[in-house]
Amino acid sequence: MSKVKVPSGFMIGAALSAYQVEGNNVNADWWHYEGDRLPRSGSACDFWNRYRSDIELAASLGLKALRISIAWDRIMPSEGKVDDESMDRYVDMIKEIRGHGMEPIITLHHFVNPMWFTVKGGWVKEDNVKYFLDFVKYVVDSVGDSVKFWLTINEINLYPILAYLLGVFPPFMMNMEYMWRALVNLLKASDGAYELIKKPSNQVGLIIHIMPAKPASRLSIMDWGLAVGMNYILNRMIVNTLAKGKLPDWLSGGEVGELDYVGLNYYAIAKVKFNPLTMGELVTSRQNQRGWVINPSGLRWAIRLVRRIGKPIMITENGIATDNDEDRITYIEKHLTIAIKERVMGYLYWSLLDNYEWEMGYGAKFGLIACDPVTLSRRPRGSAYFLGKLASGG
């Protein structure tokens, strides 16, 4: 029996992203690079066609919220073209979520861009921000007042690092100047989206990813230096920017950061080790399929850091990739306990379904619900019933 005490009004649910579950998002930049630099996503979980039964299944477990994203590449498959039928399907998804007694939480950008946008220079070019805002306006006009919780950009601090510094996400660049440019433009896009979405009846936020960095060896000054640098670039810089409401002077000093709440994604800590050949590397763990160093106390550190922004916090992603469901239940219990004690708004587990885990393909099983990548059959794990019971107060 769980020792977690869930207070009244605390929202518990799960999260998904369009590209990782829908399948056949053929106009996305990710799709363009698959088979060459990335594993194939194919039909993914076929959520695009099975969303009604998946939403019904999530509700039957007792979950009270479901976060989904709307794929820009589906809505605007080519420059200047809008796909009304795809938007109608997303409107129906939101209706289904609400109709099954869950709160829909909508993300507008979850790592993936239309390929035409990437060809035009993507997020490195300030002039391209307007294309994202065209998409946002169309979505908001289509959805109306049916969504209370909006999230503009997923992991606004991590995405530029992956795409423009480490070069592991499209467009696979390794340029620090481009990384900072992309971050600035994403923040401007988020502010513009806020203006388009905001009404007295809704809440608009963005998502940051916090991964506390610690030295692999407490006796190594080089490891300490790497940890300090990573904590600044990934964690502290974005928190300081949002807390002050303005960019650092060396990044133009412009005002940014309009939001009603902050989405916080937390999974693990980073243990960093100096390497004279690569400057630094992450120490991996066999605790899970992602090799991450699991440490629930890092969530407390993350929440308290993000609290400096002065806005309510929602845990928008937290999860473990493993075939051992007992480990998943333990992970949820420990992290959820901390989230409740730290008085955040709610907790969304990543992910509702096993899905396409980016550069890992289907090799990482995060799901509360197992999804066979071949047969596409669904099987709720024990962790799904565990979290659902907590969510429904059972």
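Among the residues of the range 123-169, those identified as closer than 19 Å to Lys198 by Cα, among the aliphatic types (A, V, I, L, M) and in a helix (DSSP H, G or I) are Val129, Leu133, Val136, Val139, Val140, Val143.
Take the conditions (1) of a type in the set (Lys, Arg); (2) in contact (Cβ under 8 Å) with a residue 12 or more places away in the chain; (3) open to solvent by 40 Å² or more (accessible area, probe 1.4 Å); Arg343 misses just one of them, which is (2). For the range 97-107, filtered to residues that are out of contact with any Phe, Trp or Tyr (no Cβ under 7 Å at 6 or more places or on another chain) and of a type outside the set (Val, Ile, Thr), the residue that is most open to solvent (accessible area, probe 1.4 Å) is Arg98. Just one of the numbered conditions (1) touching a Leu at 6+ places or on another chain (Cβ under 8 Å); (2) more than 28 Å from Val228 (Cα to Cα); (3) part of a loop (DSSP other than H, G, I, E, B); (4) open to solvent by 10 Å² or more (accessible area, probe 1.4 Å) is not true of Leu390: (3).
Scanning the range 290-319 for residues that are within 18 Å of Leu63 (Cα to Cα) and either free of Cβ contacts under 8 Å to residues at least 60 places away in the same chain or in a loop (DSSP other than H, G, I, E, B) (or both) yields a total of 3. Out of the residues in the range 150-194 that are on the phi < 0 side of the Ramachandran plot and acidic (Asp, Glu), state the one that is farthest from the chain's Cα centre (by Cα). Across the range 150-194, the extreme among qualifying residues is Glu177. Taken as a whole, the range 331-340 holds no residue that is open to solvent by less than 20 Å² (accessible area, probe 1.4 Å) and either under 20 Å from Ala18 (Cα atoms) or among the charged types (D, E, K, R) (or both).
For the range 108-118, taking the residues that are open to solvent by 10 Å² or more (accessible area, probe 1.4 Å) and not in a loop (DSSP other than H, G, I, E, B), the one that is nearest to Tyr33 (Cα to Cα) is identified as Met115. Taking the listed residues Tyr164, Tyr159, Tyr178, the one that is surrounded by 18 or more Cβ atoms within 10 Å (Cβ to Cβ), closer than 17 Å to Thr316 by Cβ, among the hydroxyl-bearing types (Ser, Thr, Tyr) and modelled with pLDDT of 95 or more is Tyr159, with no other qualifying. For first residues located in the range 34-56 and free of Cβ contacts under 8 Å to residues at least 12 places away in the same chain, partners that are exposed (fewer than 14 other Cβ atoms within 10 Å of the Cβ) and of a type in the set (Lys, Arg) and lie 6+ apart or on another chain with Cβ distances below 8 Å form the pairs Glu34/Arg40.
Screening Gly254 against (1) touching a residue at least 24 places away in the same chain (Cβ under 8 Å); (2) surrounded by 16 or more Cβ atoms within 10 Å (Cβ to Cβ); (3) in contact with a strand residue (DSSP E or B) (Cβ under 7 Å, 6 or more places away or on another chain); (4) of a type outside the set (Val, Ile, Thr) leaves a single unmet condition, (2). Every listed requirement among (1) within 22 Å of Val168 (Cα to Cα); (2) surrounded by 20 or more Cβ atoms within 10 Å (Cβ to Cβ); (3) over 20 Å from the mean Cα position of the chain (by Cα) is met by Met76 save one, (1).
In the set (1) under 23 Å from the mean Cα position of the chain (by Cα); (2) farther than 25 Å from Ile340 by Cβ, the condition left unmet by Met279 is number (1). Identify, please: which residue in the range 190-218 is touching a strand residue (DSSP E or B) at 6+ places or on another chain (Cβ under 7 Å) and either closer than 21 Å to Met115 by Cα or in a helix (DSSP H, G or I) (or both) and is, among those, most open to solvent (accessible area, probe 1.4 Å)? In this case the residue turns out to be Tyr194. Hey, can you tell me all the residues within the range 26-61 that are in contact with a strand residue (DSSP E or B) (Cβ under 6 Å, 6 or more places away or on another chain) and surrounded by fewer than 16 Cβ atoms within 10 Å (Cβ to Cβ)? Hit for the range 26-61 is Arg40, nothing else.
The values are calculated or read from the model by the stated rules, or taken from the named source; none is laboratory data. Predicted model only: the values in this text are computed from it and were never measured. Cβ sites come from the backbone with ideal geometry, for glycine too, and all protein chains shown count toward neighbours. Ligands, DNA and RNA are stripped out before the accessible areas are found, and what is left, the full protein with its side chains, is counted by its heavy atoms. Shrake-Rupley method; radii C 1.70, N 1.55, O 1.52, S 1.80 Å.
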